[in-house]
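Everything on this sheet refers to the single structure shown next.
The values are calculated or read from the model by the stated rules, or taken from the named source; none is laboratory data. This one's a predicted model, so the numbers in the text were calculated from it and none came from an experiment. Here the Cβ positions follow ideal geometry from the backbone for every residue, glycine too, while neighbour counts run over all protein chains shown. Areas reflect the complete protein model, heavy atoms only, side chains present, ligands, DNA and RNA absent. Shrake-Rupley method; radii C 1.70, N 1.55, O 1.52, S 1.80 Å.
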Amino acid sequence: MTSSARMSWPMARYMAAWKTFRSLSDENAVTARHIIEQPAWPKNGAVTILDAGCGDGRLAEALLLNALNPIAEIRL
């Protein structure tokens, strides 16, 4: 069996590198700004957001932090 790059990293070191990348990555903030800039995003009034899962909640958090209009409710 041939060794891969991932197999050569001890798991603790791999997880530390992955967590560092996730904390420095701004993919959720960029996605949130893209969503908010869409014509269908309500420009006036409060917004209710439903986060149906399949993630760590960082996109919903970024939406909350970047929205210009108030968020009335968020359901997780």
**Item:** Approximate spin-label separation Trp18-Asp56, in nm, with each point projected 7 Å along Cα-to-Cβ
**Value:** 1.0 nm
**Fill in**
Between Trp41 and residues 5 or more places away or on another chain, the pairs with built amide H atoms under 5 Å apart involve none
**Message:** Taking all protein chains in place and a 1.4 Å probe, what share, in percent, of the accessible surface of the chain do carbon and sulfur account for?
**Reply:** 60 percent
**Message:** Just the number please: accessible area per residue for the chain, 1.4 Å probe, all protein chains included, in Å².
**Reply:** 80 Å²
**Request:** Per residue of segment 60-76, in order, report the coupling 6.51 cos²θ - 1.76 cosθ + 1.60 (Karplus, θ = phi - 60°) as ³J(HN,Hα) in whole Hz, putting x for Gly and Pro.
**Result:** 4, 4, 5, 4, 4, 6, 9, 5, 7, 8, x, 9, 6, 7, 10, 10, 10
**Prompt:** Accessible area, 1.4 Å probe, largest first: how do Val30, Val47 sort?
**Reply:** Val30, Val47
**Sequence-separation-based contact order of the chain, relative, with Cα cut under 8 Å and 6+ spacing, percent** = 33 percent
